[in-house]
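Only one structure is covered here, and it is reproduced in the block below.
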Amino acid sequence: MMKRAPSQTSKEESVHKVQRDADDASILSARDELEEKWRNGIRLKVDLRLCSIAGILCSLNLLDSGVISSASVTTMLSDLELDVGNRYSVSIFIFTIASIAFQLPSTIAVRTFGPRIWFSFITICFGIITLCTAFVQTWRQMIALRILLGIAMSGVYPGLTYLLSVWYTRKEQQLRFALMQSGEVTVLATGSIVNYGLNRLNGSAGLKGWQWMFVVQGAITAFLGILTYWWMVDFPERSHTSFHFLSESEAHIASARIQHDRGDSVADSFTWKKVLIHASDIKIYGFCILYFLQNLVSTSMSYFLPIILQGGMGFNTGQSILLSAPPYYYAVIPAILSSYVGDKFQLRGPVIAFNCVTLIAGFAMLGFTDQVTVRLIGTYLATGAYVANWAAMATYQANNVVGQWKRVFTAAAVTACNGAGGIAGSFIVRQQESPRYLTAVWVSIGSHILIMGVVGLFSIYFYLANARQSRGKRVLEGTEGFRFTY
């Protein structure tokens, strides 16, 4: 067998190296060109259109908790006999159970029917059911409508999380999730102030104050659902078909940069196998644990904050409704700041851990002091920290999965476990423990210590996996060049 001369082999290797370098330079040049075009106007169009409607629609989740929590400090509980036993808590968690059951099919429907049609449909349904809640006569009717309400809104949060994740690269996602969360909590806070005004209509047109809350906010939501059909945008590859949005060339740029980032800009045809196969990825269960632990706190705070203010701090009904709004306005600040830092320095785990420490400090102030001012400040710190962590956790999971159907499955799975945390959270604020609510305080502190532990384990796993990828011993997420973000 003839052997090549060393000089000939060396020459061929040099030629191949030059070709590889030229290919890499060409890829980098193409990426730079796409990024320049994206920054020059397209990104602002997407931010203004998508993040705004996403924030408003996502607020439906908290809007429900805001309406029913504001109504809970009026005569609603006694009017509907919800103050007997655990009926009020049951009305909360039955909503969550219904939502959990339909989250995966509803998230798949976003991809199947398109965001414009599906989000418009479920928002209109949500509004009509909320409006009908004003006219229930018994606690059983209330629970029946709560089940329908949970089904209607089951696809809102996971669907929006999925949609934002397919529009933005991994380096951009946390700030956009924060913008969505900021819109969500701003609407919730404003809703609390509106509820205060609506409660003062008590007796007008034969309706009680709590009934006016459901009528007005249900009607507004249904109208918003109609607007959603024109306001919402489609997926990047079809975004030129959206109403007065991107041109076909701009849609191509938006889709191409996602393909460069992680290679999953276009979805395969749907089969259940392509979705459910991702249940074998163990890290998705880790993300689910994070969401469960997180929502223990958020549900108890959002549903019971007016009750804490009234029963635990001595404020009257009107004051309790009004004072439940400012902590959510404040929450926009830590959400935006921590997300900006997370995206700029590509930090995910440390941002989550910092927010956990802040929340623990807030709950310690809420539970272990007698001064009303200190306790009120504690509600600000706790609320700001958990809202900021929604954006951080959404980015944490979205940054570390690849593939459209895997994104769908992960978004639905973590939101389902988020709902399960909500069920548990609805029981940890106990009326008989007023004014301390020590069960809620200790469970919230303990859950966030566990969150830091899970994030620590993830960081070790991601570090070791990235090290193996760097040595060429492992391909992560089935995608060449992909690395975990932590």
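How much accessible area per residue does region 330-486 have, in Å², with a 1.4 Å probe?
Details: 6100 Å² over 157 residues.
I get 39 Å² per residue for region 330-486.
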Worksheet item: What nm distance separates the two modelled labels at Tyr229 and Gln346, each placed 7 Å from Cα along Cα→Cβ?
Response: 4.4
Practice prompt. Report, in whole Å, the centroid distance computed from the Cα atoms of region 412-486 and region 66-140.
Written response: 26
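Could you give the accessible area per residue of region 169-289, probe 1.4 Å, as a whole number in Å²? Please list the in-between numbers first.
Working: 5420 Å² over 121 residues.
So region 169-289 comes to 45 Å² accessible per residue, rounded to a whole number.
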Worksheet item: Carbon and sulfur: what percent of region 325-392's accessible surface (1.4 Å probe)?
Response: 77
Discussion item. Counting only protein heavy atoms and a 1.4 Å probe, tell me what percentage of region 124-257's accessible area is made up of carbon and sulfur.
Written reply: 68
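Relative to the Cα centre, what is the charge dipole magnitude of region 401-485, using +1 at the beta carbon of each Lys and Arg, -1 at the beta carbon of each Asp and Glu, and rounding to the nearest 20 debye? Intermediate results must be reported in sequence, preceding the final value.
Details: 9 positive and 3 negative charges, 66 e Å.
Charge dipole, region 401-485, about its Cα centre: 320 debye, nearest 20.
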Worksheet item: What percent do you get for the relative contact order of region 261-384 when only Cα pairs under 8 Å and 6+ apart count?
Response: 21
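What is the sum of charges, Lys and Arg at +1 and Asp and Glu at -1, for the other residues whose Cβ falls under 15 Å from the Cβ of Gly85? All intermediate terms of the calculation are to be shown ahead of the outcome.
Numbers: positive: Arg87, Arg140, Arg430; negative: Glu81, Asp83.
That works out to +1.
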Worksheet entry | Kyte-Doolittle at least -0.5, axis length at least 18 Å by Cα - qualifying DSSP helices, the chain | 52-71, 87-113, 115-133, 139-152, 173-199, 209-231, 282-307, 326-345, 349-367, 372-398, 404-425, 438-470
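How would Leu347, Leu175, Leu188 rank on accessible area, largest to smallest, probe 1.4 Å?
Working: Leu347 65, Leu175 40, Leu188 10 Å².
Heavy-atom accessible area, descending, gives Leu347, Leu175, Leu188.
Filter Lys171/Lys274; Lys273/Lys406; Lys274/Lys473; Lys37/Lys171; Lys283/Lys344 down to the pairs with a C-alpha to C-alpha distance above 20 Å, please. Show your work: numbers first, answer last.
Values: Lys171/Lys274 27 Å; Lys273/Lys406 11 Å; Lys274/Lys473 26 Å; Lys37/Lys171 17 Å; Lys283/Lys344 25 Å.
With Cα atoms farther than 20 Å apart: Lys171/Lys274; Lys274/Lys473; Lys283/Lys344.
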Response to the item:
Among (i) 1.03; (ii) 1.00; (iii) 0.97, the value of Rg/Rh (Cα atoms, Kirkwood Rh) computed for this structure carries the label (i)
Worksheet entry | Additional length obtainable on full extension of the chain from Arg468 to Ile117, 0.36 nm per residue less Cα span | 122.0 nm
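Average projected area of the Cα convex hull of region 345-473, in nm²?
Details: hull surface 37.0 nm².
Quarter of the Cα hull surface area: 9.3 nm².
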Worksheet item: Under a plain spin-label model, where a point goes 7 Å from the Cα along Cα-to-Cβ, how far apart in nm are Thr169 and Gln371?
Response: 4.8
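For an R0 of 25 angstrom, estimate the FRET efficiency from the Cβ-Cβ distance between Arg430 and Ala219 and round to the nearest 0.05. Walk me through the numbers on the way to the answer.
Numbers: r = 35 Å, r/R0 = 1.38.
The computed FRET efficiency comes out at 0.15.
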Item to complete: Assign unit charges at the C-beta atoms only (+1 for Lys and Arg, -1 for Asp and Glu), then state the dipole size of region 230-291 relative to its Cα centre in Debye, rounded to the nearest 20.
Response: 260
Practice prompt. Can you tell me the dipole magnitude for the chain around its Cα centre, using point charges on the Cβ only (Lys, Arg +1; Asp, Glu -1), in Debye to the nearest 20?
Written response: 820
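Keeping every protein chain present and rolling a 1.4 Å probe, give me the accessible area per residue for region 31-102 in Å². Walk me through the numbers on the way to the answer.
Working: 2780 Å² over 72 residues.
With all protein chains present, region 31-102 gives 39 Å² per residue.
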Fill in: Computed lengthening from Arg39 to Val84, 0.36 nm per intervening residue step minus Cα-Cα distance
10.5 nm
Worksheet item: How would Arg483, Arg200 rank on accessible area, largest to smallest, probe 1.4 Å?
Response: Arg200, Arg483
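The values are calculated or read from the model by the stated rules, or taken from the named source; none is laboratory data. No experiment lies behind these values; they were computed from the predicted model shown. Every residue, glycine as well, gets a Cβ built from its backbone with ideal geometry; the counts of neighbours run over all protein chains shown. When the accessible area is computed, the model is the full protein with side chains, heavy atoms only, and any ligands, DNA or RNA have been set aside. Shrake-Rupley method; radii C 1.70, N 1.55, O 1.52, S 1.80 Å.
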